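Asker: Got a structure for you, written out below as structure tokens; questions coming shortly.
What follows is calculated from the coordinates using simple rules that are stated; it is not laboratory data. Here the structure is a predicted model, which means the values were calculated and not measured. In this analysis, Cβ positions are derived from the backbone assuming ideal geometry, glycine residues included, and neighbour counts consider all displayed protein chains.
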Amino acid sequence: MEYILLAVIGVCSGVIGALVGLGGGAILIPATLFIGTTLGMIDDLTPQKVVGLSVIMMIATGLASTLSYMKAKMVDYKSGFIFFLGSAPGTIVGAYMNKGIDLPSFNLYFGILLIILAIILLVRDHMKPINWFVEHGKKQQFYHSKDDKEYIYGYPIWFAVLLTFLIGMVSGLFGIGGGSMLVPAMIILFAFPPHVAVATAMFMVFLSSIVNSISHIYLGHVPWLYTLPVVPGAYIGAKLGAAFNKRINSNTLVFTLRIILLLLGIHSVYEGLF
């Protein structure tokens with residue numbers, strides 16, 4: 001039964017991860033902890049194992065969604081590689097930080113992180129881009145959207161590398177895709193077009209999740225049996241999510257997903273405290 005539930009969780013994580021640029025870990029981790037520890041369906045589930053499972057899944061979600069976005073020509077490859085230069089060493093540092101954390105502490109800190117992310121995502125659409133980073137960025141680009149809007153976006157490379165190092169560290173520690181933090185930063189700080197931000201973030205998530213996975217495999221954190229239902233489910237879900245992202249523009253759906261993220265965060269904090 002737990003394998004069926006993990007497959008369903010994988011599909012949902014892939015869909016939501018690709019649709020909003022989260023990478024899927026923000027859904028997989030609290031859902032897996034719920035069926036594993038609250039319902040008692042998975043024995044010996046530790047923060048290290050659930051993070052190891054998540055980072056393996058992110059390879060599948062990152063690859064599936066990136067391939068879809070490549071076909072739609074939405075990925076900014078140069079920016080993706082620059083962001084990867086910062087995030088890759090950050091994930092290694094985060095993976096080693098994850099070694100000593102216990103389950104109540106993990107739930108508490110992870111829940112706080114989800115609440116912060118949910119608030120950022122809720123207010124993101126009401127915030128205007130901060131032009132300072134664009135004006136002082138050595139890398140500026142132009143993008144024409146399908147509705148004939150022109151975007152000018154850019155960033156100082158040193159700041160982008162430093163920012164993605166911190167994002168990568170959080171990703172390695174908690175097993176979430178860095179896209180959940182990078183997408184708002186790309187839109188608010190660097191004035192990226194939203195669809196390009198999600199596509200480029202998922203490209204970075206794919207690259208950094210490979211490094212992240214190697215770190216957690218080396219540390220013995222990956223429960224390989226549980227990857228069997230999760231990875232195929234996440235791959236299928238990410239393909240669906242990327243397709244939905246290109247076709248729909250539903251503010252209600254995205255708002256609902258952000259509320260779900262907020263509720264998951266509150267539940268994780270409660271689990272960590274009580």
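Asker: Going by the alpha-carbon gyration tensor, a ≥ b ≥ c the square roots of its eigenvalues, is the range 156-274 rounded (a/c under 1.5) or, if a/c is not under 1.5, prolate (a/b greater than b/c) versus oblate?
Answerer: Taking the square roots of the gyration eigenvalues as a ≥ b ≥ c, the range 156-274 is rounded.
Asker: For the peptides 110-117, 180-187, 267-274, what is the packing order when you average, over each peptide's residues, the other Cβ atoms within 10 Å and list the highest mean first?
Answerer: 180-187, 110-117, 267-274
Asker: Shifting gears a bit: If we count other beta carbons within 10 Å of each Cβ, what is the order of MET1, MET169, fewest first?
Answerer: Listed from fewest to most nearby Cβ atoms, that is MET1, MET169.
Asker: Something else now. Where is the GNM fluctuation largest for the chain (alpha-carbon springs, 10 angstrom cutoff): THR91, THR37, THR66?
Answerer: Of THR91, THR37, THR66, the most mobile in the Gaussian network model is THR37.
Asker: Oh, and also: Looking at the range 2-273, how many pairs of lysines come closer than 19 Å at the Cα, when each pair is eight or more places apart or spans two chains?
Answerer: Counting lysine pairs in the range 2-273 gives 13.
Asker: When the chain is modelled as a GNM with alpha-carbon springs shorter than 10 Å, which of HIS221, HIS126, HIS195 fluctuates the most?
Answerer: Looking only at HIS221, HIS126, HIS195, the biggest GNM fluctuation is shown by HIS126.
Asker: Mean Kyte-Doolittle of at least 1.6 and a Cα length of 15 Å or more along the axis: which whole DSSP H helices of the chain meet both?
Answerer: 2-20, 103-124, 157-174
Asker: GNM, the chain, Cα, under 10 Å: largest mean-square fluctuation among ASP44, ASP102, ASP76?
Answerer: Of ASP44, ASP102, ASP76, the Gaussian network model singles out ASP44 as fluctuating most.
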